[in-house]
1. Show me the ranking of peptides 282-292, 97-107 by mean Cβ neighbours inside 10 Å, starting with the highest.
2. For the ranges 265-272, 83-90, what's the packing order if you count other beta-carbon atoms within 10 Å of each residue, average per peptide, and put the highest first?
3. Using only the alpha carbons of segment 325-388, what is the convex hull's orientation-averaged projected area in square nanometres?
4. Give the Rg/Rh ratio for segment 112-259, taking Rg as the radius of gyration of the Cα atoms and Rh as the Kirkwood radius, to two decimals.
5. Please check which bits of segment 8-48 a label hung off LYS81 would reach, taking the label as a point 7 Å along Cα-to-C-beta and the cut-off as backbone N under 14 Å.
6. Obtain the nm distance between the two label points defined at LYS34 and ALA304 by a simple spin-label model: each point lies 7 Å from its Cα along the Cα-to-C-beta direction.
7. Give the order of LEU126, LEU41 when sorted by the count of other beta carbons within 10 angstrom, beginning with the fewest.
8. Which value at 222 nm does the chain reach when only helices count, each DSSP H run of 4 or more adding -39,500 (n - 2.57), with the total divided by all residues and rounded to the nearest 500 deg cm²/dmol?
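A short reminder: the numbers here are calculations on the coordinates, not readings from a lab. Keep in mind that this is a model prediction, so the values were computed, not measured. Ideal geometry is used to build each Cβ from the backbone, glycine not excepted, and the neighbour counts take in all protein chains shown.
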Amino acid sequence: MLNRRSIRIKAMQTLYALDQGRKANNALAEDYIKNSFLPDLNSMEPQDKEELKAQEKEALSLYRKSCPDKEINTKEQPADKIVSVVQSAIELYYRKNENDARYFRQLMIDDMEAIRNHTYEVLLFLVDFGKLADKEYIKRKNNPALKNIPSFKGASNLFNSPLLNALKKRLDRRSLALSEDQLLESQEFYKLLKKDEKYQKYIQNGSPSFAEDQEVMQHIVKTVLFKSDLFAAYMESKDIFWKEDKAIVRSIASKTVKLITPDTLEEDTIAELSMNWEEDCNFFKKLYDYMLEHEKEFEALISAKTENWSKERITELDMLIMKLALAEMCHFPSIPVKVTINEFVELAKNYSTPKSKKFVNGVLDVLSENMQKDGRVRKSGRGLMDNK
């Protein structure tokens, strides 16, 4: 199930992607400056290449000095062309950054919503396995040489399972079906299922119980599919965030199978993406937006407390994790400071360097205490719980 920790991870991933986009946009802006001072091959006038090279160098220096302030910042009097080119480069850089910020924000929201579609796909594969098993059973049943094979007597167990039929009805009510390409993939995954020892034992049972149906379907989801390199490669080709998403999809698919009992066969329940999707989605949007709005302020606070560390020694990811943590502390009064620190230290431990956990914990601990004292972090409700 999608939870606040997974949303924090997605916020971190999204903002890291945005940081990489900024680097690319900076390179584009600098390329624009360089191209602006190339010799004009269509001009009939003589071109002073040395002068153009000097202007390019001056323009790049001015851009790098002025870009953080979003406007020309110099006491000198550069040539009009240099000023014009640099101003255009700055505008290009920030325009592309703003477009990227909107794009990555929506991309992550779409990805979180796509988790539900991935779950449906897994459940549809499960239903299709039953159909494929039944087709194979009918084909082999009509072959006198094969129909009495003991290991084949229960080949239609999956297809005839009340649980699987209840699942099929729930998916049908949502007008969900596999595409032609997905049906082809399902056949490949079914080949894995046929080789599975537990499944082979299941189809030797002439009349499995509901509990045995449920157990083998859980096994198909958790082991046959989610421990398969073939399935992993397929999902990774569709979802660049599959490494994080797979645990959520597996959990929701498995829970859906578990929710179907003899007493709930006629119900319409499929496990939800989260306890409150709208609230969780808003949490992501607010965390993402607030961090970007106050990014420079948070970076200055962190830099002031890590002045003995050169900027190069603080990894990009550590800086990003700490900025996100400060955004959460400041903007979500109901989340205790201790919870925020623990969550983001865990992110540093799992996604950054071996030393990051201790470093991030120490910086956040000092900053949180100072920010509570000066009123920048104010907690209410559950957030007032003792953080010590």
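1. 282-292, 97-107
2. Details: 265-272: 13.8, 83-90: 20.0.
Peptide ranking by packing, descending: 83-90, 265-272.
3. Value for segment 325-388: 3.9 nm².
4. 0.97
5. Output list for this probe position: 33-48.
6. Result for the modelled spin labels: 3.8 nm.
7. Working: LEU126 26, LEU41 6.
Listing LEU126, LEU41 from fewest to most nearby Cβ atoms yields LEU41, LEU126.
8. -23000 deg cm²/dmol
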